[in-house]
Structures are given as C-alpha cells and as structure tokens.
Protein chains: 2
Amino acid sequence: MRDTSGVTRESAAERHAISADLIAVLVAAPNGNPVVLTVKDGSALPSGPFELIHRSLQSGLRNWVEQQTGHPVGYIEQLYTFADRDRSSDEPAGRVISISYLGLTREEPSHRTPPGSWRNWYEFFPWEDHREGAPEIIGDIIVPRLRQWADEAEQQDERQNRLRRAAGAFGFDDRHWNEEMVLQRYELLYEAGLVEEAVRARGAKVAATVPGRAMTGDHRRILATGIGRLRTKIKYRPVVFELMQPSFTLLQLQRAVEALAGVTVHKQNFRRLIEQQDLVEETGEMSADTGGRPAKLFRFRHSVLDDRPAAGTK
Amino acid sequence: MRDTSGVTRESAAERHAISADLIAVLVAAPNGNPVVLTVKDGSALPSGPFELIHRSLQSGLRNWVEQQTGHPVGYIEQLYTFADRDRSSDEPAGRVISISYLGLTREEPSHRTPPGSWRNWYEFFPWEDHREGAPEIIGDIIVPRLRQWADEAEQQDERQNRLRRAAGAFGFDDRHWNEEMVLQRYELLYEAGLVEEAVRARGAKVAATVPGRAMTGDHRRILATGIGRLRTKIKYRPVVFELMQPSFTLLQLQRAVEALAGVTVHKQNFRRLIEQQDLVEETGEMSADTGGRPAKLFRFRHSVLDDRPAAGTK
DNA sequence: CTTATTATACTCAACTAGAGCATAATAAGG
DNA sequence: CCTTATTATGCTCTAGTTGAGTATAATAAG
C-alpha cells in the first residue's frame, strides 16, 4: 500500500516491465449450437495486446472483436485478470497481465472469420454436454481415473477430501450434476493431471489424459470460466437474447438455453417462466418450419431491461 | 487479435508504457459495524503497485494486506480491472491498469493500522443503510434532485427513462428497494452530477451534491462495487463467517449480515435458514451478555464448504 | 386417415419464503 | 416476590415458486 507504508516505488523501468493482453471468449449459438471463436486451428482463444489508443479495456476489446468478426458484440463482461508467474513463461523479463472477457454475439461467422474459427465448445469439454444424459466418458473414463487419483493420496483425510470434491464436481456417488461448476471440474482434472495442459506444465507424469481438446497456455481454463459464468448468468439475467435472431420460436429459445447450460429443461415450465416474466412478446407471425404444429414467433421485449429487477431463464 | 490479423505488435517501448495498481476493498464487521480500511484520512482505499516479485496478483495483494494490517485475510475475490483513460489523468504518458479486490477479515484494527483507518462504510454511502428504515436523505434530498435531473432531459423519452432508472435504483414510485444495486445507485448519482466526484471530473456544474463522503479518483466507485458484490454474495455463499469470531450467537451473526446488507431480516426465518442448511453447530457454551435470555453459542461448520452445493444466508 | 412431431393449456404436489404467534429464560426495578 | 423489558427459540399459516405430469391442438408425411 503505497499510501500507508514507507515502501518506495520501484524505478520507472522496473515498474513498466509490464504489458497487458486482452483475451476474448466470444460466444454464439446458431441453431442451438454453442460455439466459441478460436484461432490457430482451434487451439487458442483470440487475444491481442491492450493498446494505448484504446479508450478503455472494454472498448479496446469491443473494437477489435468487431473489426475481426464483422459483427457487433451485444454483451460484454469482464471475466478475470491474472498475472501468474508460471502462466507467462514466454516473457521472463517482464510480466504479462491477461485480462479476459466474455462476449456474446448474435450472428455466426462472416467472410472475415476463416472457416473453422468457430468451434462447438463441447469439443474442449466433452464432459459438459448433458443434453442427452450424462456423457459416457464420465462414467467410463473420468470417474475411474478420479477415484484412482483420490486413492493415490497419502493421507486418509486427503483421500476422502479428493473423493468428495470429485463427486461434488462430477455428480457421482449420489451427488447431483451442477452445470455451473465448469471451472471447478476443469481445475479438478488439471489437479489430477488428467488434462494435457497439466501434463505440459508439470512435465513428467504422462498419465493418460481424458478426452477433450487442449488449448494453448491456460486458454482452456479461461474458456471454462466463460462458460461457467454464462451458465450462471442466464439464470438471472436475460442474456440469452443476445444470441438470438430478432424473432424466434420459444423452442428455439429453449434450445439456445439448453445448448449453453448443457442440460435439457422441462418445455412447459420453460415457457411458463419466460412468459410470466414478460421477457418476450408475440410478433404476430408464425413459423411453419417446426416439423409439427406451427409456432408463434416472439421477439425480446427490450424494455424489460429497465423494467423490474429483471429475471433470467432459470 | 494478433493471432488472426496482420496487425503488427507495437514497439516494446510503447507496449511497456503500462503499469498496474492493486486496489483493496478490505472489509470487517466488528460488532455488526460494517467497516472498510481506508488511507489518507478516509479519502482513499489502500492501493499499491503490482510488483514483479509477486507470484500472482492475488498473492501480491494478500501479502501486503497482511503485512499492513497484521491480520490474515480470509476471503479474497477479484472485483474489476479497468484502464479508462480519463481515470488515470496523472500519468499521461503511459497507462495504469487498476485491479481491484474485495477482501474479508475477521479482526479489526491492530497496532499496525493507524486509528481512523477503518471507517463505517455508510459514511460514504449514507443512502445505503436501511436498517432503521429508508434514510431521510433519500426522500428529502436524493429523490427530489433526481426528479429534477430527469426533468432536465431534452427529450420526453429520456425524461421518462431517467425517472424509471432512478425509481428502480432508489426504490421510489412503488418500486422496491434492492440492496444489491449499490453500484447502479452510485453511478446514477454520478451521472446526475450529484456526487463530488462527478463535479470534479466534469468541472463546471457546481450542483448541490448529496451527502456522503467523497474519495480520490474513482475509489468510491470501487467501494460501491465491493459492497454490491458482497451483498450479492452473502445470499448464496457463506462468506459472512469470514467476518465472525470463532464463536458467536445467532443474533450476532444476523447483525453482521444486516450490517452488510443494510436491511433487517426476520429473526426467526433467519435462524431457520441458517440451521436447516447446517451452516453452524453448537459449541455447547452459552453467552450471558445478551441482555435477555442467554443465547447458545455457535461455530461455523467449515466442512459445509466441501459439502453440498453450499448455500448462503439469503 | 394414421402416425409422428411440435405447440400450448392446465393441474397437482412438494417445497420455499415471508410473516406472525407463543413461550422460555434472563436482568432490572420496584 | 412480582412486574416489565429484552432476547431466545419453537411452531404455524399462507402465498408463491418449482418440478413433473396430463391433455389437447395443429401441422406434415406416409
């Protein structure tokens, strides 16, 4: 605390041996497909240096994302800032501060984003998609390996502790699956040495990793943070609409929510919730291509935002 | 996005014209008094440069807070990172990135913190304390001035919009008071030119400001962010316990929650909630100095943290 | 005209949250 | 001792919310 202590400031040179990077988790959900913008053949999140020209961090991010994708970003939210020493091994002299953001965009790909840039995010987290029940890799691969990892602990306490954490995160041993714990699950796997990033960082231990595409540095951790945040947010803020076309059927809306949350919801209750909260209004048109009875088309009631405490889509 | 675009990196010199500051909102609640650690006679939050020695941002913060206060910080959470150009007018050449944290500590002041360092946070936000009903300044001063501000808008739309936002934030015109909207309220007052910081930044407009102590730069905004975050958090995570002594009565616990939230809660329901969630266990001892019937003493059940999804004190 | 598929309306039971009533246990003042 | 004030603690009632199911409507495909 420079204000209370007698600690002197470091020299300007030392103080300035710092740079900042902006990292984006940019999400879209065309036809209920949860996708994230990637670079380098899906192995990294888009990132760029924070430049002096930018008015603020957020406007800097917004600028270059829109420049790159050609689409407006509706909703932007800061995720996390870190500067861990072991994360930025590429710049031993100075220090990189990484500031990550979550952004939601309505449109998918334009000609400006090379094909393959948008990836279904469950490629990176195959254990997170429970829309058709718990994925088999959880029971077949993840749980056994986590049990093994728990057994490897020296202390009895620690064994139980590991097991409890694993069961809580992955919902086994009569615990429930909580779709919001994306980050905790990833970190648990990391700690257990079951993801490639952990093997990479700790060298040695070429333990058999669990399925799921790895990313550069800790980009996959950042992605996990973004997905987790989004899954929490949709329950109390109407952010899904940032991902929807101007008009949509209630089922399309539901599919988008399910894509993000990775779980299915009770159709009738979903509709009840959306309607009783006045989140949408009918456009008057109908959609014929439902494959069954035609559905009413709705639009988001933008005015709810300045209305009541505003709910989400729990 | 340096990875997708052809944009070249700036020179190292330019890239490094950046420094980082850590700012702390450090909270305690001795006998149900919500206090925050300040410096410079209550006009600023403690802050310090991020140094290259620090292992990470969080450990850097933890280090110097514990060094300064002499007390361990239980819970630390990142608040927000910003680098707005107009906020750091003191360093026109480079750019300061400010990373703010919320920290909770159990003990109050030690010999290491000068007296007067800990301030009741309602000195800064007198309109936020509704424990004895809505403060008079809201009806007497704030609402009338906000109405006036709304009237000053050129467009009819904008007038209504301002009024709606003000009513939603401050809970008038049959809207309910929502204690979590601390930041929104501060920002509304700022926008309306009713806090000293706004007058300072925009020069001119020596409009009569509203009561409440101002702070340096946007420290008061950061404090508002911290209080708001804490008020949200206590509802779903048992963080209050970080502020309590090892053993406490349920009323003491309730008073702490009320101090933070700025509203009172129904005593019986509060107890029901705490107990049915197994957040606490009896120590077996009783407290005699309650002024009435003696109360059982409780301690926090630390194990709940790895128990169930873990609830808070809503 | 039957089957599959989706849309939409309604019901019911379990649980949660807000509010109040009642009683217990102490201290202080007569 | 007895009354009053104060806090602790147990219990009930009601309204609202949530999860899950039933029933019916409207379309396309065969």
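Sub-7 Å Cβ pairs linking a first residue in region B:262-284 that is within 9 Å of DNA strand D (Cβ to nearest atom) to a second residue that is open to solvent by 90 Å² or more (accessible area, probe 1.4 Å), at least 6 apart or interchain, are B:Glu282/B:Lys296, ordered by first then second residue. Residues that are within 18 Å of B:Val39 (Cα to Cα), within 12 Å of another protein chain (Cβ to nearest Cβ) and not β-branched (Val, Ile, Thr) within region B:59-69 comprise B:Leu61, B:Asn63, B:Trp64, B:Glu66, B:Gln67, B:Gln68, listed in sequence order. Against the numbered list (1) in a loop (DSSP other than H, G, I, E, B); (2) touching a residue at least 60 places away in the same chain (Cβ under 8 Å), A:Thr209 comes up short only at (2).
Inside region B:122-180, residues that are away from every other protein chain (no Cβ under 14 Å), free of Cβ contacts under 8 Å to residues at least 40 places away in the same chain and under 23 Å from B:Asp218 (Cα atoms) make up a count of 1. Checking each residue in region A:118-138 for being open to solvent by 10 Å² or more (accessible area, probe 1.4 Å) and part of a loop (DSSP other than H, G, I, E, B) picks out A:Asp129, A:His130, A:Glu132, A:Ala134, A:Pro135. Only a single item in (1) open to solvent by 30 Å² or more (accessible area, probe 1.4 Å); (2) modelled with pLDDT of 95 or more is not met by A:Asn161, and it is number (2). If I filter region B:219-242 for residues that are farther than 21 Å from B:Glu128 by Cα and away from DNA strand C (no atom under 16 Å from the Cβ), do I get at least one hit? Yes: one or more hits.
Taken as a whole, the condition of being part of a loop (DSSP other than H, G, I, E, B) and open to solvent by less than 60 Å² (accessible area, probe 1.4 Å) does not apply to A:Leu188. Checked against the criterion of being farther than 25 Å from A:Ala29 by Cβ and at pLDDT 95 or above, the candidates A:Leu188, A:Leu183, A:Leu223 yield just one match: A:Leu188. None of A:Ala24, A:Ala134, A:Ala83 is modelled with pLDDT of 85 or more and touching a His at 6+ places or on another chain (Cβ under 9 Å) except A:Ala83. Restricting attention to region A:278-310, the residues that are more than 14 Å from chain B (Cβ to nearest Cβ) and either within 9 Å of DNA strand C (Cβ to nearest atom) or open to solvent by less than 90 Å² (accessible area, probe 1.4 Å) (or both) add up to 21.
Of everything in region B:253-277 that is β-branched (Val, Ile, Thr), part of a loop (DSSP other than H, G, I, E, B) and more than 9 Å from DNA strand C (Cβ to nearest atom), the residue that is most open to solvent (accessible area, probe 1.4 Å) is B:Thr264.
The values are calculated or read from the model by the stated rules, or taken from the named source; none is laboratory data. Just so it is clear, the structure is predicted and the values come from calculations on it, not from any experiment. Glycine also receives a Cβ, built like all others from the backbone with ideal geometry; neighbour counts cover every protein chain displayed. Protein only, heavy atoms only, side chains kept; ligands, DNA and RNA dropped before computing areas. Shrake-Rupley method; radii C 1.70, N 1.55, O 1.52, S 1.80 Å.
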